[in-house]
């Protein structure tokens, strides 16, 4: 039963996490969760504020004797990524998450769990509620809409936070202290066209379906070599159009710019005489993809089925430019960091491709720890899609969080970790985007570090959080608060 989660240790953390799973909180739907957080802070008798974005700030006074300790900010985001398997009926705006214990992990049935960043929120809530902890003045800052646009962090005004040290609770690897992250840029690309209503006599319509991919977080998982559903289906479409007389009517792949697409489908027409050969082509591509991604994508499914003839087609010249541009689009890891071996510097995620109402929309997220590299990748993509006749718009950009290896909070937490667990933690830079980089722009003197438990496959229905690692992070936070 899901309620068994409430019996896990530390019980206060897991109690709050369970409560969070019962509150719908996909990005863009923050009213219920922010109301819950305001009531939480108010009921504890703590100063509780909301800024213009809806983000919630709760202040807890220092315990007696700790008034001269450095004021500390604990920070996490309230929203979660809404991803589900295709056969799952779930409304993220209304339904609770069906979480359960699976061995050493907590996960969910067929949907994202929301441990990104619900477990960070729960850890901070437990700190605020625990009257036995010793600490200096605390601020708990819970931001809204981090996953799409980082609206809460961007709306943070200078001077609103009083502390000079911040622990971000949104990273996903226990035993690691993160001191930097990549920045990002969104590209919104569109083709406009007048639909072609002529469908050759004797053509049949076929739906092409690609599913069963792992997907994942386009920052955390981009180096794992997982398949991008958009890239795979367009590779097939080019072959079908060039060699089998196929015409494209519609396509839909991916749902979030920051999630590696797990599923894609397309509607095409094809001369009936070529239908049998197309079925063989689909089977061949399934074999090819399974071979290429052997050991990575074990559940890949690529199939075709007859469907009703569509009323319109994408004009051939638009169709060809569209397919060629997706085929040529960079995707995945582009460059690696020299100073932090094994860490991605720059990447590109072809997150969303969809057609509707005489329009093609493409959403791409570029990440990089280097502003110049980020700009270069964006320029390359702009050139590619402009040559194809598309409109390319800047959907927003944010800077990275630059590492400070002399950080006082980093040194304190490293020593505290050594004392608690008998070994030094690793120090890393994260390729995923954290709010620290944006917060740093308005609080350049803020000393920051990011921590979190072991979290696997965020932004996908395989998301899970390790139970024992949550306890370790809880103990690290508790001990750190007494040491700064």
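Consider residue 332 against the criteria (1) surrounded by fewer than 20 Cβ atoms within 10 Å (Cβ to Cβ); (2) over 24 Å from the mean Cα position of the chain (by Cα): it satisfies all of them except one. Which criterion is unmet?
Among (1) surrounded by fewer than 20 Cβ atoms within 10 Å (Cβ to Cβ); (2) over 24 Å from the mean Cα position of the chain (by Cα), residue 332 violates only (2).
Residues are listed down the side, and each one gets a yes or a no for (1) crowded, with 22+ Cβ neighbours inside 10 Å; (2) touching a helix residue (DSSP H, G or I) at 6+ places or on another chain (Cβ under 6 Å); (3) modelled with pLDDT of 95 or more:
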residue	(1), (2), (3)
88	no, no, no
91	no, no, yes
94	no, no, yes
103	no, no, yes
123	yes, yes, yes
144	yes, yes, yes
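Are there any strands (runs of 3 or more DSSP E) wholly within the range 98-153 with 2 or more residues that are under 19 Å from the mean Cα position of the chain (by Cα), and if so which?
Output list reads 105-108, 138-143.
From the list 177, 213, which one is in contact with a helix residue (DSSP H, G or I) (Cβ under 8 Å, 6 or more places away or on another chain) and crowded, with 24+ Cβ neighbours inside 10 Å?
Values: 177 fails: crowded, with 24+ Cβ neighbours inside 10 Å.
Just a single option satisfies the conditions, and that option is 213.
Given (1) out of contact with any strand residue (DSSP E or B) (no Cβ under 6 Å at 6 or more places or on another chain); (2) surrounded by 16 or more Cβ atoms within 10 Å (Cβ to Cβ); (3) modelled with pLDDT of 95 or more, identify the lone condition not met by residue 139.
(1)
Among the residues of the range 2-18, are any touching a strand residue (DSSP E or B) at 6+ places or on another chain (Cβ under 6 Å) and either within 19 Å of residue 145 (Cα to Cα) or surrounded by 20 or more Cβ atoms within 10 Å (Cβ to Cβ) (or both)?
no
Could you check, for the range 299-314, whether at least one of its residues is assigned by TED's automatic domain parsing to the domain that holds residue 350, farther than 29 Å from residue 357 by Cα and in contact (Cβ under 8 Å) with a residue 12 or more places away in the chain?
Yes: the range 299-314 contains one or more residues that are assigned by TED's automatic domain parsing to the domain that holds residue 350, farther than 29 Å from residue 357 by Cα and in contact (Cβ under 8 Å) with a residue 12 or more places away in the chain.
Working only within the range 228-256, note down all residues that are part of a loop (DSSP other than H, G, I, E, B) and crowded, with 23+ Cβ neighbours inside 10 Å.
Here is the first cut: in the range 228-256, the ones part of a loop (DSSP other than H, G, I, E, B) are 228, 245-246, 254-256.
Result: 228, 246, 254.
Could you list all residues from the range 427-448 that are within 17 Å of residue 469 (Cβ to Cβ) and buried (at least 24 other Cβ atoms within 10 Å of the Cβ)?
Passing the criteria: only 430.
Matching residues to (1) outside any helix (DSSP H, G or I); (2) in contact with a helix residue (DSSP H, G or I) (Cβ under 7 Å, 6 or more places away or on another chain); (3) on the phi > 0 side of the Ramachandran plot:
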position	(1), (2), (3)
12	no, yes, no
19	no, no, no
40	no, yes, no
75	yes, no, no
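Only one of 475, 411 is assigned by TED's automatic domain parsing to the domain that holds residue 106, part of a helix (DSSP H, G or I) and free of Cβ contacts under 8 Å to residues at least 24 places away in the same chain; which?
Within the list 475, 411, the selection yields 411.
For the range 370-396, how many residues are within 20 Å of residue 430 (Cα to Cα), in a helix (DSSP H, G or I) and in contact with a strand residue (DSSP E or B) (Cβ under 7 Å, 6 or more places away or on another chain)?
4
Check 351, 332, 342 and return the single one that is within 21 Å of residue 214 (Cβ to Cβ) and at pLDDT below 95.
On the way: 351 fails: at pLDDT below 95; 332 fails: at pLDDT below 95.
Of the residues listed, the single one that is within 21 Å of residue 214 (Cβ to Cβ) and at pLDDT below 95 is 342.
Rundown of residues vs (1) surrounded by fewer than 19 Cβ atoms within 10 Å (Cβ to Cβ); (2) under 30 Å from residue 476 (Cβ atoms), yes/no style:
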| residue | (1), (2) |
| --- | --- |
| 336 | yes, yes |
| 355 | no, no |
| 372 | yes, no |
| 377 | no, no |
| 389 | yes, no |
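If residue 424 satisfies every condition in (1) surrounded by 16 or more Cβ atoms within 10 Å (Cβ to Cβ); (2) without any contact (Cβ under 8 Å) to a residue 40 or more places away in the chain but one, which is the exception?
(1)
The values are calculated or read from the model by the stated rules, or taken from the named source; none is laboratory data. Being a predicted model, the structure only gives us computed values, none of them experimental. Glycine gets a Cβ as well: all are built from the backbone with ideal geometry, and neighbour counts include every protein chain shown.
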